[in-house]
Amino acid sequence: YAGLDVSASHSRSTTCLQTTSLLSMLATMYFMGIVPAHIMRSVGGGYDNESVAMTAMILVFYLWTRSLRGCESVVVVDDKKSNVDMHIRQKQDVGFEVSSSTMTALLWGSVTGVAYFYMVASWGGYVFVINLVGAHCATLILLGRHSSKLHAAYSAFYFVGTLLATRVLVVGTTPLRSLEQLGPLLVFLGIQIVEYCERVRTRDNLTRSKVWLLRLRFASMAAVVLLGVGMALWPTGYFGPISSRVRGLFVKHTKTGNPLVDSVAEHQAAKAGTYEQYLKVVAKIAPIGFGMVAIGFANDASSFLLVYGLAAYFFSHKMVRLILLTAPIASVLAGLLVGRVAGFCVEGICGWRLDAGEVVDTIFGRLGDEPVVAAAVTVVQDNPSKKAKKKKSDIKETEEEDTSSTEAASSLRRNVLFQISTRIAWLYLAFHLYTRAQPELSSFKHHCQQMAVSMSHPTILVKAQTNDGHVVLVDDYREAYWWLRDNTPEDSRIMAWWDYGYQITAIANRTTIADGNTWNHEHIALLGRALTSPLKEGHRIARHLADYVLLWTGGGGDDLAKSPHLARIANSVYRQMCPGDPTCSKFGAPGGHPSKMMQESLLYKLHSNGLVPGVEVDNNRFKEVYKTKYGKVRIYKVLSVSKESKEWVANNRVCDAPGSWFCRGQYPPGLQKVLREKKDFKQLEDFNSKTDADDEYQRKYFEHLSNPEKAKRRAEIRERKQREAESKGESKPDDTIDLDDPVSAPVPPTKQEIREINQHWEDNSITSALFEMIQMNDIESFVMALESQPASAHVRSKDGRGPMWWSHEHGRIEMISILKSHGVSEKLRDKDGMTPIDMADDEF
């Protein structure tokens, strides 16, 4: 190519180091290096596997596209005729021969498989990777882009990658059993059939109709075989179910049917502002880059960007956590657009197209006079017939006309004035684009810096602001873990909710009942039952499992605030906790007042011991041994621990090999009575289970989630009828009692009620929770709190301030708007005579 300077001689080769390529690469690096969607899982000290897995995932995608890279055409320079002949390379090898390009694709595909093994060992998200590569391969086949190179690359990738993945202990034969991963296997089998038919076609020179008949014959045979194998294996339970997390990505509602998964905030659907928060300007220009690639630059390799882009947007929209997957593809698409526009401007100003690869070749003297041939070329011989001679004559006349027009255009472009005018026009365009883009890029950089600072703070060491405005450093969590490390025996077992399990293991170096791994639903349900059951019953379970109980008690998102989720999870396995109520609505704190079931629970007793009048822990069962400075963590020693159970568990571990660290614990005999009451949780997709379906439970679960107020009302009616039955000496009501009494949505407080609320100033759990939500900008929890109890929008703390003051103080514009919709005034005054608006003026 000659670039924009037509007077330059034709380049004999091109490399990937052209101006646009280099600028696109730099722009992509810039976006990817600072975009919050990537930083959110790559900060130093991150516990999540994604901190490592993102690098592994991008490596797999790069190697996969690299295995498909290759020229589709070749250029042969004929010095005798002074013209350039173009010959399109064959897409398939001829017959059953294997070309060097196919072998190269085979090699790169194998390397991709090794990188995929690294991904499998890093993160469970490897399922997304293999399905995305499989989907891209299938898309190319359906679009008629099948080639021997594609077949070699995907076959090597799938064979090597799957073989190595089965060597990962926690994966095993899952790639050949799980419905989530059978798609790529079908693509692997399908491409073998397609490749065989194509090689037979090139060998025997078959017509199109014969090729389709051959494909249909082999596809039918394969379908019959696969159907037979599937029917034989289905009754045996060979195929694994689709996980609830994956299932939740393909249903209309944002809940999965699994209360454990639904309790995690990052598994909820993404909102419109999420992309603005985590991608900023990249979210605006990436779609333009997507269109640019689709319209003008799509080939076998680059089409992967299109498939990846669609998949990343779909899944991130369904689950906010997966916005992490959009960071690489959004950065690449945005970088391609910015780099190509900048490249055009640079080449237009300079007048030529810089190729760094050519510069290197020139310096080292690698450019010769020989023509460069990128692939095998079909030789076309002259036909001496009259028709051929006439065609040559026509071609010659056309070439003469093209030569004269080209010389005229070349003469114009050699004009100095024309060249200067052209360069000035390009310079003006570049300056205009820069001035328009510079404010956006500055805002993007500033936003990324702010997000990086906020996300880089340790989650267990934070700065906070007291109600009187003092900024303090809260180090309660780490101090609690250090206390466990320094003041408890090494074989101590710590009972805590699974959220903090990894932290306790890593910092306190103590065994936890449950860590951050949520695979064992029934085990976490048992933990939830121990914490949400009445104190005596909870102690009977805890004494067989743990030596200490650790609770987060600092308000906001502490264990008491999470406890309704704990009750739901426990009830999904131990149905007698909340009969007929999958969401366990009677366990909660409507209006900030804990229900009877919550007040009786072990968690509430330990959490509010000595803080709420009348709440005391049974000193014969639990003893408080440590409380942190700001009350964020409380640790209790379990009394009357069963030594028999502790010794039995230690002596009955089941290891995968003698002396191995991978050992499954077993429940002691002392817990068998409790375990006999459980009903293993069945997900909606566990169609291959031999147990009865849980359709009724799932139906009620979603019904109660869609109308939580109705669920609470039904729970209240059930509890009232139960008390009436007990007072009459009758048996407890069962699930057949009609509970569908008329219900209504939460009623907003009247003006008189608002005046009464504003006259009552006190610090309580509601004010503490709302303050922390506003401070952390947790809009979702804030909205849910006000929707469930509208009167809480008007509460006032001891200093006379409330949610409106705190929202103005922290600049929470969206929260201010929400409070206004609830009728909260901005003209009220606190004990110092300051209005909420005064707080905003003072702050900003």
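Numbers for the structure displayed
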{"read-out": "Over region 532-681: Rg over Rh, Cα atoms, Kirkwood Rh", "value": "1.00"}
{"read-out": "Region 477-607 - Rg and Dmax from Cα coordinates, angstrom", "value": "14.4, 46"}
{"read-out": "Which listed pairs, of Lys562/Lys637; Lys562/Lys605; Lys646/Lys673; Lys536/Lys632; Lys536/Lys623; Lys463/Lys629, have C-alpha distances above 19 Å, in listed order", "value": "Lys562/Lys637; Lys536/Lys632"}
{"read-out": "Cα centroid separation - region 742-820 against region 120-158, whole Å", "value": "51 Å"}
{"read-out": "Portion, in percent, of the accessible area of region 588-667 that falls on carbon or sulfur, probe 1.4 Å", "value": "50 percent"}
{"read-out": "Whole-Hz ³J(HN,Hα) from phi, Karplus 6.51 cos²θ - 1.76 cosθ + 1.60, for region 175-186, glycine and proline x", "value": "x, 9, 10, 6, 5, 5, 10, 6, x, x, 5, 5"}
{"read-out": "Amide H within-cut-off set for Val625, under 5 Å, with H built and near neighbours excluded", "value": "Ile635, Tyr636, Lys637"}
{"read-out": "Surface share of carbon and sulfur [accessible, 1.4 angstrom probe, percent] for region 449-583", "value": "53 percent"}
{"read-out": "Total charge dipole magnitude, region 502-582, about the Cα centre, Cβ charges on Lys, Arg, Asp, Glu only, Debye to nearest 20", "value": "180 debye"}
{"read-out": "Heavy atoms of Tyr278 accessible to a 1.4 Å probe, total area in Å² rounded to 10", "value": "40 Å²"}
{"read-out": "Surface/4 estimate of mean projected area, convex hull on alpha-carbon atoms of region 504-549, nm²", "value": "3.4 nm²"}
{"read-out": "Solvent exposure, largest accessible area first (probe 1.4 Å, DNA, RNA and ligands not counted), of Lys463, Lys271", "value": "Lys463, Lys271"}
{"read-out": "More than 17 Å apart - percent of Cα-Cα pairs taken over region 177-236", "value": "48 percent"}
{"read-out": "Ellipsoid equivalent to region 561-621 - semi-axes via the Cα gyration tensor, in Å", "value": "22, 14, 9"}
{"read-out": "Accessible solvent surface per residue of region 576-627, calculated while the other protein chains remain in place, 1.4 angstrom probe, Å²", "value": "46 Å²"}
{"read-out": "Cα-only radius of gyration and Dmax that characterise region 589-651, units Å", "value": "14.8, 48"}
{"read-out": "Derived scalar couplings ³J(HN,Hα) [region 157-173; Karplus, 6.51 cos²θ - 1.76 cosθ + 1.60; whole Hz; x for Gly, Pro]", "value": "4, 5, 5, 5, x, 5, 4, 6, 4, 5, 7, 6, 4, 7, 9, x, 8"}
{"read-out": "5 angstrom amide H check on Val462, placed H, neighbours 5+ away", "value": "Val474"}
{"read-out": "Amide H contacts of Arg493 (H built 1.01 Å from N, under 5 Å, at least 5 apart or other chain)", "value": "Asp547, Tyr548"}
{"read-out": "Estimated FRET transfer efficiency (Glu490, Ser421; beta-carbon r; R0 51 Å; 0.05)", "value": "0.05"}
{"read-out": "Residue-by-residue Karplus 3J(HN,Hα) for region 273-289, coefficients 6.51, -1.76, 1.60, Hz, glycine and proline x", "value": "x, 5, 5, 5, 6, 9, 10, 6, 5, 4, 5, 8, 9, 4, x, 5, x"}
{"read-out": "For peptides 226-237, 26-37, 559-570, sequence by mean Cβ density within 10 Å, most packed first", "value": "559-570, 26-37, 226-237"}
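The values are calculated or read from the model by the stated rules, or taken from the named source; none is laboratory data. Computed from a prediction, not measured in an experiment: that's the story for all the values here. A quick note on method: Cβ atoms are made from the backbone with ideal geometry, for glycine too, and the neighbour counts reach across all protein chains shown. Heavy atoms of the whole protein, side chains included, go into the accessibility calculation; ligands, DNA and RNA do not. Shrake-Rupley method; radii C 1.70, N 1.55, O 1.52, S 1.80 Å.
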